[in-house]
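Asker: Take this structure first; my questions come after.
The values are calculated or read from the model by the stated rules, or taken from the named source; none is laboratory data. Since we're looking at a predicted model, the values are computed, not measured. For neighbour counting, all protein chains shown are included, and Cβ atoms are generated from backbone atoms with ideal geometry for every residue, glycine included.
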Amino acid sequence: KILIVDFGSQVTQLIARRVREEGVYSEIVPFQKAEAAFHEMKPKAVILSGGPASVLDDNAPAAPMPILTAGVPVLGICYGEQTMAQQLGGTVEGGHHREFGRATIEVTDDCALFDGVWQKGGRYDVWMSHGDRVTTLPDGFRAVARATGSPISVIADDKRKFYAMQFHPEVAHTPDGAKLLRNFVRKVAGFTGDWTMRAFREEAIEKIRAQVGKGRVICGLSGGVDSAVAAVLIHEAIGDQLTCVFVDHGLLRLKEAETVVDLFRHHYNIPLVHVDASKQFLGELEGVTDPEIKRKTIGRLFIDVFEAEAKKIGGAEFLAQGTLYPDVIESVSFTGGPSVTIKSHHNVGGLPDRMNMKLVEPLRELFKDEVRVLGRELGLPEIFVGRHPFPGPGLAIRCPGDITREKLDILRNADAVYIDQIRKHGLYDQIWQAFAVLLPVKTVGVMGDGRTYEYVVGLRAVTSTDGMTADFYSFDMKFLGETATRIINEVKGVNRVVYDVTSKPPGTIEWE
Ligand code: XMP
């Protein structure tokens, strides 16, 4: 086990993720609770995270001294480095030279952390985000890398197995960061890396049982991977104390509702209430064309319908959600600047406050790809686990302009043909998200001997690792031509197909 002491950095969870990738179990504990956790957990190694404070402030957070005297390997990152250096007798100076973002460091000496990754004399890209710097070394340490503005950027005490760095190795912007962390985990701390998602599953089940006791839980299913994995996991933990509610807003893809109902009721035997609320949703959306009003209307109705169903079920004090770690940090940007709401996502927030329920969020520490691994571990079918993300407001935001049942049907059918093509050509797993959009314009065409005047379908496909940035996918023209022909032949109401070649930024993935 590795204990991660959290000093409040926005990327602490990424450290845990990298450690999990190395097959090692870790626990994140806020610095105030670190001493107790250290004694209880008896970790084989400790990582001190970054954080927004300055060690020069009064009452600056510090690492519990027992951690630094117990003889376990310790890795300090950013604030973790500064507090470590100061606590062990070095000095830290305030920010004459603040470094944020990409920086270059020069390796001045070898050490176990750099083994097989960085060489003496080499210069490497890293990601910095700090104001203070270490100016004199604590006893027993040597400087092994320097950066512009801080001659002491990485420090090492091989005897005590203490290492510390000013940059963030856990973020993707430090290209070799994962390898450096691997060296700490494997070479310095000596872990073999045999922890797996199966262990996560077992621990999560224990935690859910401990939290819920004999209480009742309701879980809203969206048809997406996250809520499905959360529900299956919770059901495994507490069985029929869980009831799932699937609010069908009539904005789902072709056959989606059937798939979800079948999977939960028949495959897993999980109690499921399927609410067909399409009339209500489509009724209230009539004539609504503004994307944000669409989202807000759907979000509000979703809460109304869900709340009414929960009342009918009665007696539940817990609400389960498939919240992932990126949902938690989405509104906070890494560099600390305020982030702007580009699109208001409706699947987090609102519900629990209003319903006065306690949250069960077993996936809160995980990233999307880890949830997929967990889903496979829980036996969810591959076709479900590997599915592209689908937005909460569904097809409403893929139908620019006003929404009608007729348009939704055209869109659903065109989308199904498009996805079928992608699957048939073996491209599905190379694409982050692919979908059709129905444009609110009609254009002239000719079919047989007649003139047609019908809708235009836009096709979208992007590659991405997290949905935050994306590139359009480069299909070959033959594929696109064949897909256009199929859509026009098989879907009544469409006579023209276009492909979207916009990346994000400047575009967004969805059209609304
Ligand atoms: P954009 O369009 O902002 O999408 O580039 C990024 C990712 O978020 C999804 N998305 C949503 N998900 N509610 C959701 O639950 C929403 O309102 C929403 N808008 C976009 C989108 O499908 C993509 O995966």
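Asker: Just need a number here: residues in segment 360-376 that are away from the ligand (no atom under 16 Å from the Cβ), assigned to a loop (DSSP other than H, G, I, E, B) and not aliphatic (A, V, I, L, M). Walk me through it before giving the result.
Answerer: If we filter segment 360-376 for residues that are away from the ligand (no atom under 16 Å from the Cβ), which is where we start, we get 360, 362, 364-366, 370, 373-376.
In the following step, the residues that additionally are assigned to a loop (DSSP other than H, G, I, E, B) were identified as 362, 364-366.
In the following step, the residues that additionally are not aliphatic (A, V, I, L, M) were identified as 362, 364-365.
The total comes to 3.
Asker: If you don't mind, there's one more thing I want to ask. Taking the options ALA53, ALA45, ALA103, ALA34, name whichever one is in contact with a strand residue (DSSP E or B) (Cβ under 6 Å, 6 or more places away or on another chain), touching a residue at least 40 places away in the same chain (Cβ under 8 Å) and more than 17 Å from LEU181 (Cα to Cα).
Answerer: ALA103 is the lone residue from the list that is in contact with a strand residue (DSSP E or B) (Cβ under 6 Å, 6 or more places away or on another chain), touching a residue at least 40 places away in the same chain (Cβ under 8 Å) and more than 17 Å from LEU181 (Cα to Cα).
Asker: Given the options GLY401, GLY379, GLY448, GLY426, name the one that is on the phi > 0 side of the Ramachandran plot, touching a strand residue (DSSP E or B) at 6+ places or on another chain (Cβ under 6 Å) and more than 16 Å from the ligand (Cβ to nearest atom).
Answerer: GLY401
Asker: For residues in segment 467-498 being in contact with an Asp or Glu (Cβ under 9 Å, 6 or more places away or on another chain) and assigned to a strand (DSSP E or B), which is farthest from the ligand (Cβ to nearest atom)?
Answerer: ASN495
Asker: Related question: State yes or no: is VAL456 surrounded by 18 or more Cβ atoms within 10 Å (Cβ to Cβ), away from the ligand (no atom under 16 Å from the Cβ) and modelled with pLDDT of 95 or more?
Answerer: For VAL456, the condition - surrounded by 18 or more Cβ atoms within 10 Å (Cβ to Cβ), away from the ligand (no atom under 16 Å from the Cβ) and modelled with pLDDT of 95 or more - is not met.
Asker: Give the residue that is nearest to ASP6 (Cα to Cα), with candidates limited to residues of segment 33-62 that are in contact with a Lys or Arg (Cβ under 7 Å, 6 or more places away or on another chain) and at pLDDT 95 or above.
Answerer: Filtering first and then ranking leaves PRO43.
Here's the yes/no breakdown for (1) within 16 Å of the ligand (Cβ to nearest atom); (2) over 26 Å from ALA230 (Cα atoms):
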{"position": "LEU263", "(1), (2)": "no, no"}
{"position": "HIS266", "(1), (2)": "no, no"}
{"position": "VAL273", "(1), (2)": "no, no"}
{"position": "PHE281", "(1), (2)": "yes, no"}
{"position": "LEU285", "(1), (2)": "yes, yes"}
{"position": "PRO291", "(1), (2)": "yes, yes"}
{"position": "LYS311", "(1), (2)": "no, no"}
{"position": "GLU317", "(1), (2)": "no, no"}
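Asker: Report those strands (runs of 3 or more DSSP E) wholly inside segment 122-189 carrying at least 2 residues which are more than 24 Å from GLY23 (Cα to Cα).
Answerer: By residue number, 123-130, 133-136, 142-147, 150-157.
Yes/no per residue for (1) closer than 16 Å to VAL385 by Cα; (2) of a type in the set (Gly, Ala, Ser); (3) in contact with a strand residue (DSSP E or B) (Cβ under 8 Å, 6 or more places away or on another chain):
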| residue | (1), (2), (3) |
| --- | --- |
| LEU221 | yes, no, yes |
| ALA231 | yes, yes, yes |
| ILE234 | no, no, yes |
| GLN241 | no, no, yes |
| PHE246 | no, no, yes |
| LEU252 | no, no, no |
| THR259 | yes, no, no |
| HIS267 | yes, no, no |
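Asker: Further question on the same structure: Identify the residue in segment 404-416 that is of a type outside the set (Lys, Arg) and surrounded by fewer than 24 Cβ atoms within 10 Å (Cβ to Cβ) and, among all such residues, is farthest from the ligand (Cβ to nearest atom).
Answerer: Result: GLU406.
Asker: Give the residue that is nearest to the chain's Cα centre (by Cα), with candidates limited to residues of segment 2-35 that are more than 17 Å from PHE200 (Cβ to Cβ) and β-branched (Val, Ile, Thr).
Answerer: Only one residue tops the list, namely VAL11.
Asker: I'd like to know if segment 219-235 contains one or more residues that are modelled with pLDDT under 95, at positive phi and within 16 Å of the ligand (Cβ to nearest atom).
Answerer: Checking segment 219-235: at least one residue is modelled with pLDDT under 95, at positive phi and within 16 Å of the ligand (Cβ to nearest atom).
Asker: Right, something else. Go through the residues of segment 150-170 one by one and say whether even a single one is farther than 25 Å from LEU68 by Cβ and modelled with pLDDT under 95.
Answerer: No, because not a single residue in segment 150-170 is farther than 25 Å from LEU68 by Cβ and modelled with pLDDT under 95.
Asker: Conditions first: (1) modelled with pLDDT of 95 or more; (2) among the basic types (Lys, Arg); (3) within 16 Å of the ligand (Cβ to nearest atom). LYS296 passes all but one, so which condition is the exception?
Answerer: (1)
Asker: A follow-up question, please. Considering only segment 157-199, how many residues are surrounded by fewer than 18 Cβ atoms within 10 Å (Cβ to Cβ), of a type in the set (Asp, Glu) and farther than 17 Å from ASP115 by Cα?
Answerer: 1
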